[in-house]
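For reference, the structure discussed in these notes is given below.
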Amino acid sequence: MFYQQKQYIQFLLKSTNQHGVHSPFVYDLVTKCFYNKTQYPEYRDLKAYRKALLANKELLKITDLGSGSKVTNNSSRAISSIAKHSGTSFKRAKLLFRLSNYFEYQNVLELGTSLGIATQALHLGNPKANITSIEGCPRVSKTAKTYLGDHASINLLVGDFDTHLDALEQTTCDFVFFDGNHDKEATLRYFDKLLPKIHNDTLFLFDDIYWSKGMTEAWETIKKHPQVTVTIDTFFWGLVFFRTEQVKEDFVIRL
């Protein structure tokens, strides 16, 4: 917790808003997506989905293949607790919706379904998108499937990320949300495995880049990769673009 607080102070000192952005691509993203104040009707669906999970006190036996929870080490957790402490917040769900709506990505990959809060946001942002989401815990994935319902465009997979990534049939990814294993070595490994599937307009979105010193080190390594051109640090998320027409630049944006 102290590490994150210290990093957040440094983030505030370095960050800017749209007025400090000189890239037209990033300026449009910040003003038309990040800072978009439109109250989309889909926000009601996002809120209702989250509210239903928060009201569910059923206990699930957790199989955690990642770095675990910072809240509890219990092997059984209430669905409400997972939604509150591990699930995507309402603010971030709305931003995921806007990103999905803004870019209209067709082939979406999510590492870490959890209870499907982010999955629903991505789906509502662009219902035509084909979403593949991987979750390590069978019981959590089953709960997400129950709440998400049956959608032909949403494919929920259960198991180890590496195993599924090695068997991934799609040749390209438009958007990848890394939100499952907040571990330096694992994050960099997933990044390397998915690099062959990028194209010029692919977006990689990394959750909790200041989760730990190791995650921040992973983020700094990714920023320096020669194929990466534009990165945006929003503190809780790190966005990575591979646009060859862009000058290599790192942005720190307040949301």
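State which stretch of the chain is the longest one without any exposed trypsin sites (Lys or Arg not before Pro), exposure meaning a DSSP loop state and at most 13 other Cβ atoms within 10 Å. Intermediate values should be presented prior to the final figure.
Values: sites that count: Lys37, Lys57, Lys128, Lys224, Lys248.
Formally, the longest exposed-site-free interval is 129-223.
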Put +1 on the Cβ of every Lys and Arg and -1 on every Asp and Glu Cβ in the chain; which of Asn56, Asn107, Cys173 then has its Cα farthest towards the positive end of the dipole? Asn56
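Antiparallel versus total DSSP beta bridges in the chain: what percent is that, nearest 5? Display every interim value, and only then the final one.
On the way: 12 of 35 bridges.
Percentage antiparallel, nearest 5: 35.
Using Cα pairs under 8 angstrom and six or more residues apart, how large is the relative contact order of the chain, in percent? Kindly include the intermediate steps, with their values, before the conclusion.
Numbers: 424 pairs, mean separation 44.3, N = 255.
Relative CO of the chain lands at 17 percent.
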What is the percent of Cα-Cα separations in the range 202-255 that go past 18 Å? 24
Could you state the angle between the C-alpha long axis of helix 42-54 and the longest principal axis of the C-alpha atoms of the chain, as a value from 0 to 90 degrees rounded to the nearest 10? 40
Tilt relative to the chain, helix 90-103 - C-alpha long axis, 0 to 90 degrees, to 10: 60
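With 10 angstrom as the radius, rank Asp28, Asp183, Asp174, Asp150 by how many other C-beta atoms surround their C-beta, starting from the fewest.
Listed from fewest to most nearby Cβ atoms, that is Asp150, Asp28, Asp183, Asp174.
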Collect residues whose amide H, placed 1.01 Å from N in the peptide plane, falls under 5 Å from the amide H of Val252; neighbours closer than 5 in sequence don't count. Thr16, Asp233
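In percent, what relative contact order does the range 151-255 have, based on Cα pairs under 8 Å that are 6 or more apart in sequence?
Values: 152 pairs, mean separation 24.2, N = 105.
That works out to 23 percent.
So which of Lys145/Lys184; Lys91/Lys128; Lys145/Lys223; Lys14/Lys37; Lys91/Lys213 end up more than 31 Å apart by C-alpha? Walk me through the intermediate numbers first.
Numbers: Lys145/Lys184 29 Å; Lys91/Lys128 23 Å; Lys145/Lys223 34 Å; Lys14/Lys37 24 Å; Lys91/Lys213 25 Å.
Beyond 31 Å: Lys145/Lys223.
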Pairs of alpha-carbon atoms within less than 8 angstrom and 6+ residues apart define the contacts here; what relative contact order does the range 95-217 have, in percent? 25
Suppose only helical runs count, i.e. DSSP H with n ≥ 4. What mean residue ellipticity at 222 nm does that imply for the chain under -39500 (n - 2.57) per run, divided by all residues and rounded to the nearest 500 deg cm²/dmol? -11500 deg cm²/dmol
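Values in this text are rule-based calculations from the coordinates and carry no lab data. None of the values given here were measured: they were computed from a predicted structure. Reconstructed Cβ throughout: ideal geometry from the backbone, glycine too, with neighbour counts over all protein chains shown.
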